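The values are calculated or read from the model by the stated rules, or taken from the named source; none is laboratory data. In this text the structure is predicted, and so the values were computed from the model without any measurement. Cβ placement follows ideal geometry from the backbone for every residue including glycine, while neighbour counts extend to all protein chains displayed.
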2 protein chains.
Amino acid sequence: MTSPLINRLVIAGFGLIGSSLARAIRNHPGLVGHITAVDRDPAALKVIRELSLADDATDDVAAAVKDADVVIIATPISAVEPLGAVIGPLLKPGAILSDVGSVKSSVLRDLANVTPAHAHLVPGHPIAGTENSGPQSGLANLFEGRWTILTPTPDTDRAAVETIAGLWRAVGSNVVEMDAAHHDKVLAITSHLPHLIAYTIVGTAVDLEDSLRSEVIKFSASGFRDFTRIAASDPTMWRDIFLNNREAVLEMLQRLTEDLSALQRAIRWGEGDVLFDRFSRARAIRRGVIEAKQA
Amino acid sequence: MTSPLINRLVIAGFGLIGSSLARAIRNHPGLVGHITAVDRDPAALKVIRELSLADDATDDVAAAVKDADVVIIATPISAVEPLGAVIGPLLKPGAILSDVGSVKSSVLRDLANVTPAHAHLVPGHPIAGTENSGPQSGLANLFEGRWTILTPTPDTDRAAVETIAGLWRAVGSNVVEMDAAHHDKVLAITSHLPHLIAYTIVGTAVDLEDSLRSEVIKFSASGFRDFTRIAASDPTMWRDIFLNNREAVLEMLQRLTEDLSALQRAIRWGEGDVLFDRFSRARAIRRGVIEAKQA
């Protein structure tokens, strides 16, 4: 029998992503020797134990990480820094610290400060998710055919990068490496801005007169319901994303606002050609998404 | 054998909605005696004949409608007025003229002008669709569990309204009557604004530097792909909607812009509480959509 890729893995923060990763690992016997789930929420720990999602479940992060070969932080971003400050000094020589956060520059900065010289930091971001939260919502196939972006620095230990890359590939993900700042720009437009817009438009509907609001729900099948699904995502996670990717989000939002003003003007002045042209160009990008098998 | 609800039905404009209606009717033998499909596009007529989507397919609208009991116009809105001007004078006594357009005030005005006193006008809007276009894209179950809004005036013949309502109910739709102007306000926020935003954000991505754009497609699973799906909808149909529902769309867009500015400010100044509060309120409306079985 070959030895596992990772002997002792700790997943700290066991929500949608953490529990999906654990479920996926369970489907590949021999990939990981032992999984410890860490969560500070007693209700989450109860679910983890009832569903046997990990070999071990605890709220004692210090005890969990001292023998770990790999620790993956899978909390909302605001918890990464304080949790990293506890975990970092306890890491054994050669251990790898990673994460799954949707913003990478701030995580890289925060965790680099607490990772000891004898350990390795390999920040990661699996581009996958659903609008649901909590360990009960995890899906074993969540990462299949999706991308995971790793943002090590040029001097990160290559064997450590390959271990984390190997874990994500084993659960079905494609893996790519990228500069953290570039990652944050790409995600600002593909993820952060769409979520901000969805939250906004659903919020605008919440504020409507009562007579309109109930009908907005009733007739939501016409486009609005897709936005309500996106806007059902975890508010804590998303607050943290916007606070930690401020510059890139504000830049992309500025571009969007300019483009929206141009369409608003075209509607006001009845410029059908402008509308048709813009709509046709947007339609074409859908083909690219389908061809890239991300539809 | 009981007589059909409608003896001779003409569907003028045989795209996604028209062909879905015909397919749904075919699944309910005895509902309609004879369906004539009218389309000016030879390629569409070819598909209709090959797939046997109607009893008859023609580009000669005048010949088709003169014996019709019900004519449903299912073209983009810009074609409704010219087509109505041809159809109206040819309608036989007691015939019913209806449509499926996403804007109702302008359609009601245009068609009321051409409907003779001996015929009945019952504008309608089935709240259903996909991002695909053309007769080959129709789905027999497209209207099941969805809503169809009818916007007759107070003096419209009730038997005519009941015939159109009965047709939509028979293909699985719930039916509600509404004032045309109110319909246009509700749809501005549930449908027209979401589509405008989706077109805008996808357009903003199209304009990115090449290095970013290819990655936007690659990593679209993070929220963006839902917008590309919405933005894949027919550009002609949507141009017409915005040109014909200008006032309501501009009003809702103004509200959205104000709300977006408030969130932009909260991000810039790091006001996490504001973001969390707004996101939490938006999340709550998702439950309403699920409870209303429109998810």
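Pairs only if they're at least six apart or on different chains, beta carbon under 8 angstrom, first in region A:186-210 and among the charged types (D, E, K, R), second assigned to a helix (DSSP H, G or I); list them, first residue then second.
Close Cβ pairs satisfying both conditions: A:Asp207/B:Arg255; A:Asp207/B:Asp259.
Taking region B:27-86 as the region of interest, how many residues are assigned to a loop (DSSP other than H, G, I, E, B) and either in the same structural domain as B:Ile241 (by TED's automatic domain parsing) or without any contact (Cβ under 8 Å) to a residue 60 or more places away in the chain (or both)? Show your work before the answer.
Residues of region B:27-86 assigned to a loop (DSSP other than H, G, I, E, B): B:27-31, B:39-41, B:51-55, B:59-60, B:66-69, B:74-76.
Filter once more, keeping what is either in the same structural domain as B:Ile241 (by TED's automatic domain parsing) or without any contact (Cβ under 8 Å) to a residue 60 or more places away in the chain (or both): B:29-30, B:40-41, B:52, B:54-55, B:59-60, B:66-67.
Count: 11.
Name the strands (runs of 3 or more DSSP E) wholly inside region B:87-179 in which the number of residues that are crowded, with 18+ Cβ neighbours inside 10 Å is 3 or more.
Working: elements: B:96-99, B:120-122, B:124-126, B:147-150, B:174-177.
Fully inside region B:87-179 and qualifying: B:96-99, B:120-122, B:124-126, B:147-150.
Take region A:263-295 and flag every residue that is part of a helix (DSSP H, G or I), hydrophobic (A, V, I, L, M, F, W, C) and within 32 Å of the chain's Cα centre (by Cα).
Selection gives A:Leu263, A:Phe279, A:Ala282, A:Ala284, A:Ile285, A:Val289, A:Ile290.
Give the residue that is farthest from the chain's Cα centre (by Cα), with candidates limited to residues of region B:237-260 that are closer than 30 Å to A:Glu291 by Cβ and more than 7 Å from chain A (Cβ to nearest Cβ).
Applying the filter and picking the extreme gives B:Asp240.
Just checking, how many residues over region B:98-115 are touching a helix residue (DSSP H, G or I) at 6+ places or on another chain (Cβ under 6 Å) and more than 20 Å from B:Val186 (Cα to Cα)?
Qualifying residue count, region B:98-115: 5.
Of the residues that make up region A:188-202, is at least one of a type in the set (A, V, I, L, M, F, W, C), part of a loop (DSSP other than H, G, I, E, B) and under 30 Å from B:Ser102 (Cα atoms)?
no
Would you check which residues across region A:179-232 are touching a helix residue (DSSP H, G or I) at 6+ places or on another chain (Cβ under 6 Å) and of a type in the set (Asp, Glu) and list them?
Answer for region A:179-232, where residues must be touching a helix residue (DSSP H, G or I) at 6+ places or on another chain (Cβ under 6 Å) and of a type in the set (Asp, Glu): A:Asp184, A:Glu215, A:Asp226.
Name every residue in region B:9-24 that is under 22 Å from B:Ala79 (Cβ atoms) and either in contact with an Asp or Glu (Cβ under 6 Å, 6 or more places away or on another chain) or assigned to a helix (DSSP H, G or I) (or both), in order of residue number.
B:Phe14, B:Leu16, B:Ile17, B:Gly18, B:Ser19, B:Ser20, B:Leu21, B:Ala22, B:Arg23
Is there a residue in region A:208-216 that is part of a loop (DSSP other than H, G, I, E, B), at pLDDT below 95 and either over 26 Å from B:Phe143 (Cα atoms) or within 7 Å of another protein chain (Cβ to nearest Cβ) (or both)?
Yes, because at least one residue in region A:208-216 is part of a loop (DSSP other than H, G, I, E, B), at pLDDT below 95 and either over 26 Å from B:Phe143 (Cα atoms) or within 7 Å of another protein chain (Cβ to nearest Cβ) (or both).
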